[in-house]
Amino acid sequence: MLRFKNLGSGSAGNATLVEAHCGTQVSRLLIDCGLSVRELGKRLIAADLNLEDIDAVFITHEHADHVGHARAFAQKTGADVWMSKGTALACNLAEWDLGPEQFNVARDGEAIQIGALQLHPFTVPHDAREPLQLRCTDGDVHLGVLTDLGHGSSHVVQALQHCHALLLECNHDPALLAQSSYPGFLKKRIAGPQGHLSNEESAQLISALVHPSLNLIVAAHLSERNNRPDLAQSLVAMAAGCQASEIEVADPLLGTPWFKVH
């Protein structure tokens, strides 16, 4: 069994929990750690878990809302840490004071086995040193996690073919972004090819990924200022061929309930 729960998705901090069951074996991965250890602990307790239940943390890239509290988490729990070599350099990992063999290098196209859970990292276009996103599987079903990228490259489309569930960035509505109080350079960065996906770009990506066994789409990383859930749901649903109410949305502060991938 494979299931996941977003713990927070937005500029205030990102973290997603993925859990795989195989017989009596249970493996848990934390994707990104932009929440403080205290806050993360509170949200895990609400999910009937605690910090020590996490086997490993995978850092997608070095931006603070994704890696900001990973060092404290890793030092407190001793959990394995996975990230690309470029992300490690950007994070000054040498200063993290991790335990022996606690750090592991993740690479595009190289599978990672964490107990019952297998990860397939892939590179994405984003303004970071060597950003990676993930395809996760228990061997039977597949979850695609794609929360920070500027456009849906052919490599991204190939990496996420035939997933049963997707946690997908729907960052902004172009009109709301253009009208916002953000400075011009920031608007340009967000809307650029190395920035973040607009609702329209997310819908285009869904059009390339939709197939009969894709039965769950969770819109994530919505800008609190430059987007609205109904706008994202409407466009993504149109691309997926379903009702807007069938598109789930990760709350920036509260995340989501548990979702089983099937």
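The values are calculated or read from the model by the stated rules, or taken from the named source; none is laboratory data. Nothing here was measured: the structure is a model prediction, and the numbers come from that model. Reconstructed Cβ throughout: ideal geometry from the backbone, glycine too, with neighbour counts over all protein chains shown.
At-a-glance table
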item	result
In segment 1-54, the residues that are touching a residue at least 12 places away in the same chain (Cβ under 8 Å) and among the polar types (S, T, N, Q)	Asn6, Ser9, Ser11, Asn14, Thr16, Gln25, Ser27, Ser36
Scope segment 220-234; condition in contact (Cβ under 8 Å) with a residue 60 or more places away in the chain, farther than 20 Å from Leu143 by Cα and of a type outside the set (Gly, Ala, Ser); matching residues	Glu224
Restricting segment 180-194 to residues that are touching a helix residue (DSSP H, G or I) at 6+ places or on another chain (Cβ under 8 Å) and in a helix (DSSP H, G or I), the residue that is surrounded by the most Cβ atoms within 10 Å (Cβ to Cβ)	Ile190
Total residues in segment 1-47, condition buried (at least 24 other Cβ atoms within 10 Å of the Cβ), of a type in the set (S, T, N, Q) and not in a strand (DSSP E or B)	2
Unique residue being buried (at least 18 other Cβ atoms within 10 Å of the Cβ) and outside any helix (DSSP H, G or I) when the list is Ile217, Ile206	Ile217
In segment 55-69, residue nearest to Gly13 (Cα to Cα) [restricted to those that are free of Cβ contacts under 8 Å to residues at least 60 places away in the same chain and assigned to a helix (DSSP H, G or I)]	Asp65
Count of residues meeting criterion [more than 15 Å from the chain's Cα centre (by Cα), part of a strand (DSSP E or B) and either surrounded by fewer than 16 Cβ atoms within 10 Å (Cβ to Cβ) or of a type outside the set (A, V, I, L, M, F, W, C) (or both)] in segment 220-262	1
Cross-chain or 6+ apart pairs with Cβ under 7 Å, segment 100-116 first and under 27 Å from Thr24 (Cβ atoms) and without any contact (Cβ under 8 Å) to a residue 12 or more places away in the chain, then of a type in the set (D, E, K, R) and exposed (fewer than 14 other Cβ atoms within 10 Å of the Cβ)	none
From Gly115, Gly99, residue being at pLDDT 95 or above and either touching a His at 6+ places or on another chain (Cβ under 8 Å) or not aromatic (Phe, Trp, Tyr) (or both)	Gly115
Residue match in segment 110-122 (condition: part of a strand (DSSP E or B) and in contact with a helix residue (DSSP H, G or I) (Cβ under 8 Å, 6 or more places away or on another chain))	yes
Any chance Leu177 is surrounded by 15 or more Cβ atoms within 10 Å (Cβ to Cβ), under 18 Å from Val157 (Cβ atoms) and among the hydrophobic types (A, V, I, L, M, F, W, C)	no
Single residue of Ala219, Ala159, Ala208 found to be modelled with pLDDT of 95 or more and touching a Leu at 6+ places or on another chain (Cβ under 7 Å)	Ala219
Residue match in segment 145-162 (condition: part of a helix (DSSP H, G or I) and of a type in the set (D, E, K, R))	no
Residues located in segment 163-174, provided they are within 18 Å of the chain's Cα centre (by Cα) and either surrounded by fewer than 17 Cβ atoms within 10 Å (Cβ to Cβ) or of a type in the set (A, V, I, L, M) (or both)	Ala165, Leu166, Leu167, Leu168
